[in-house]
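To keep things clear, I will list the structure first and then write my remarks on it.
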Amino acid sequence: MELHQRIISAPVDFGAIRSEFGLASAYPAEASEEARDAVDAFAGDRIDRTDIELVTIDPPGAMDLDQALHLERNGSGFTLHYAIADVGAVIAPGGALARESSARGQTFYLPDGTVPLHPPVLSEGASSLLPEQTRPAALWTIELDENAEPRSYSVVRATVRSRARLDYAGVQADADAGKLHPSIAALPEFGTRRIEAGLARGAIGLRLPAQSVVRDDANDGHWRLVLEPRTAADDWNEQVSLLTGMCAARIMLDGADADGQRVGLLRTMPPPAESAIASLRRTAAALGVTWPEDQPVGRMLAGLDPNTPTALVLMSEATGLLRGAAYTVVNGSGPESPAHSAIGAPYAHVTAPLRRLADRFATEICLAYCADEPVPQWVRDGLDPTVDTMRRTDGVAGKVDRACIDLTEASLLAQRPDAEFDAVVVREANGNRPAEVFIADPPVLGPCIGTLPEGAAIRVRLTRADPVTRKIGFAFVV
């Protein structure tokens, strides 16, 4: 029997996935032309804040840069400036570009390229917050106290200029070396305090490593799987976006526009089912994890070492707690349940308008509230259709991501028939559902035949790897 050998890469063609899900990269000519003509459309009424030394933090190679930040410590807390690409400034309501982006809903990311929400001339050019380029932005200013809790917040249309383009690994390395860029020198302290505030609210965070498909630069057309562990820098930066989204939700829930109308677009999630929490408690007990009855699930998960099999099992199962996320329209009175349970507070998507349709609408509402102006009619009219589009495209995006990973897993493993691997059981068999195991090299999750306890370190044999069906399978080696 062939023993496991390191699998470097495999040839993979993602074209079939694009066809299967009807992802058309080509932008209609009329919408593309409108995007090119919109480049100079943002020169209207906005303040000049090119004096703020903003920086961006994104994955290497990303061109659609939605956010730029400047965070400083002051005598009584923190001041955060957060610039968000002002897509609403360059898209004419009712035009071809607005219609096409409203149909697309969001950018779809595949390993071999994107299917963009907006034409690249905007999303990777005139609207992207690229370094040393003057850009239109919705500029948030958030004043925070000593514990990084917001005291005041507002958003205005501004002109900004990013000074540097950073990535997560570089920020983490600079933090470890004590030489962070001055514009984010306060980020570790801010992020740590915001994370603690989230746990106090009952927030639930899952620090699972990201399974990604990356190009093998040494072999054209070949791809490999990697695990990208979350760094502290990821967590700190995430808190900036979460804070801004919470402030946006409070603006929409607490105020009204100049016409006295209350309108909003929230991202909501119901509380976890008690049965799901009870199941997680049983798993924790079986794994020997101490979980006091009065300790919230978020604190229990935060206390785990993310690099252990126990954490992998519990965080994988905890994904079942975070179900039912939806976009909820505020029209007059607020919804009965405005909160997002994973965040522990009301929340809105406003920080990624280059990549997500809903953010443009929610940002326009916040801008109108803060300027004491009526919410534009095109925003009001577009809220329900936007919710429908986001619901449809969120489902497609999740399936596309999974299909790309499944295809790469099957293509890699097809090279090693009957190979054996060391594995960890992340989910035991339940009824007709087989157990699920995790293999570190190559990093794959797959079904496994056998009665296996969660958290067990075992040896498995590959029994199926079919790139056509994108299916893999393993059997427990006794």
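The values are calculated or read from the model by the stated rules, or taken from the named source; none is laboratory data. Quantities reported herein were computed from a predicted structural model and do not represent experimental measurements. Reconstructed Cβ throughout: ideal geometry from the backbone, glycine too, with neighbour counts over all protein chains shown. In case anyone asks, the SASA skips ligands and DNA or RNA and just uses the protein heavy atoms, side chains included. Shrake-Rupley method; radii C 1.70, N 1.55, O 1.52, S 1.80 Å.
Compute the whole-percent fraction of alpha carbon pairs in the range 261-304 spaced more than 11 Å apart.
Values: 698 of 946 pairs.
The answer is 74 percent, as a whole percent.
Report the one residue of L265, Y369, W140 whose Cα lies farthest in the direction of the positive end of the charge dipole of the chain (charges on C-beta: Lys and Arg +1, Asp and Glu -1; origin at the Cα centre).
The one lying farthest along the dipole's positive direction is L265.
At 7 Å along the Cα-to-beta-carbon direction for both N432 and K471, put a label point, then send me their distance in nm to one decimal.
Here the modelled spin labels are 1.3 nm apart.
Under the rule of at least 5 residues apart or a separate chain, name every residue whose amide H is placed under 5 Å from the amide H of H340.
Result for H340 returns M269, A345, Y347.
So what's the range 197-255 giving for Rg/Rh, alpha carbon basis, Kirkwood Rh from the mean inverse pair distance? Each step should come with its number before you reach the end.
On the way: Rg = 17.8 Å, Rh = 14.6 Å.
Across the range 197-255, the Cα-based Rg/Rh ratio is 1.21.
Give the shape of the range 27-107 as rounded, prolate or oblate, defined through the alpha-carbon gyration tensor: a ≥ b ≥ c are the square roots of its eigenvalues, a/c under 1.5 means rounded, and otherwise the shape is prolate if a/b is larger than b/c and oblate if not. Walk me through the intermediate numbers first.
On the way: a/c = 2.81, a/b = 1.94, b/c = 1.45.
The shape class here is prolate.
Taking only C-alpha pairs under 8 Å that are 6+ residues apart, what is the relative contact order of the chain in percent? Intermediate values should be presented prior to the final figure.
On the way: 971 pairs, mean separation 87.0, N = 478.
In percent, rounded to a whole number, it is 18.
For helix 377-413, what angle does its Cα long axis make with the longest principal axis of the chain, in degrees from 0 to 90 and rounded to 10?
Result, in degrees: 30.
Roughly to the nearest percent, how much of the accessible area of the chain is carbon and sulfur, given a 1.4 Å probe? Numbers along the way, then the final one.
Details: 10470 of 20680 Å².
Answer for the chain is 51 percent, counting heavy atoms of protein chains only.
For the range 380-478, what's the relative contact order in percent, using C-alpha pairs closer than 8 Å and at least 6 residues apart? Mind dumping the intermediate values first?
On the way: 168 pairs, mean separation 26.9, N = 99.
RCO, the range 380-478: 27 percent.
Over the Cα atoms of the chain, what Rg and Dmax result, in angstrom?
Values for the chain (Cα only, Rg and Dmax): 23.4, 75 Å.
Limiting things to C-alpha atoms, what are the Rg and the maximum Cα-Cα separation (Dmax) for the range 1-146, in angstroms?
19.9, 71
In the P(r) worked out for the range 202-354, what percent of Cα pairs fall beyond 21 Å? Kindly include the intermediate steps, with their values, before the conclusion.
Values: 6646 of 11628 pairs.
Everything past 21 Å amounts to 57 percent.
Are there any trypsin sites (Lys or Arg not before Pro) in the range 283-366 that are in a DSSP loop and have at most 16 other Cβ atoms within 10 Å? List them by number. Don't jump to the answer; show the numbers that get you there.
On the way: sites: R299, R323, R355, R356, R360; in loops: R323, R355.
Answer by residue number: R323.
Hey, could you get me the Stokes-Einstein D for the range 358-397, Kirkwood radius over alpha-carbon pairs, 20 °C and 1.002 mPa s, rounded to whole µm² s⁻¹?
Using the Kirkwood radius from Cα pairs, D works out to 198 µm²/s.
Between T463 and R281, how many nm apart are label points set 7 Å from Cα along the C-beta direction?
It is 3.5 nm.
Can you compute the helix-only [θ] at 222 nm over the chain? Use -39500 (n - 2.57) per DSSP H run of at least 4 residues, normalise by all residues, nearest 500 deg cm²/dmol. Intermediate values should be presented prior to the final figure.
Numbers: 11 runs with 152 residues, N = 478.
Calculated at 222 nm, the ellipticity per residue is -10000 deg cm²/dmol.
If each of A258 and A456 carries a label point 7 Å out from its Cα toward its Cβ, how far apart are those two points in nm?
Placing both labels 7 Å beyond Cα along the Cβ direction yields 6.8 nm.
Go from 0 up to the bin containing the longest alpha carbon distance in the range 378-433, width 5 Å each, and give me the % of pairs per bin.
Pairs per bin, as whole percents: 4, 13, 10, 12, 17, 13, 9, 7, 6, 5, 3, 1.
Given R₀ = 22 Å, FRET efficiency for R230-E149 by Cβ-Cβ distance, to 0.05? Don't skip to the end; give the middle numbers.
On the way: r = 24 Å, r/R0 = 1.10.
According to the calculation, E is roughly 0.35.
Skip the ligands, DNA and RNA, and give the accessible area per residue of the range 238-312 with a 1.4 Å probe, whole Å². Provide the component values of the computation, followed by the final result.
On the way: 3370 Å² over 75 residues.
Heavy-atom accessible area per residue stands at 45 Å².
Per the Cauchy relation, a quarter of the hull surface: what is the mean projected area of the convex hull of the alpha carbons in the range 299-338, in nm²? Before the final figure, lay out the partial values.
Working: hull surface 16.0 nm².
Orientation-averaged projected area of the Cα hull: 4.0 nm².
In what sequence, highest mean first, do 163-171, 371-379 appear when ranked by Cβ atoms within 10 angstrom? Each step should come with its number before you reach the end.
Values: 163-171: 17.7, 371-379: 15.4.
Result, highest mean Cβ count within 10 Å first: 163-171, 371-379.
So what does the Cα-only Debye profile of the range 417-478 read at q = 0.24, 0.29, 0.30 Å⁻¹, as log10 I(q)/I(0), no solvent term?
Debye curve over Cα of the range 417-478, log10 I(q)/I(0) at q = 0.24, 0.29, 0.30 Å⁻¹: -0.96, -1.33, -1.40.
For a label point 7 angstrom out from the Cα of A164 toward its Cβ, which stretches of the range 229-260 have the backbone nitrogen within less than 17 Å?
Those under the cut-off are 233-234, 237.
Which of rounded, prolate or oblate describes the range 156-292 when judged by the alpha-carbon gyration tensor and an a/c cut-off of 1.5?
Details: a/c = 1.65, a/b = 1.06, b/c = 1.55.
The shape class here is oblate.
For the range 97-216, what is the Kirkwood hydrodynamic radius in Å, using each pair of distinct C-alpha atoms?
Values: mean 1/r = 0.0552 Å⁻¹.
Across the range 97-216, the inverse of the average 1/r is 18.1 Å.
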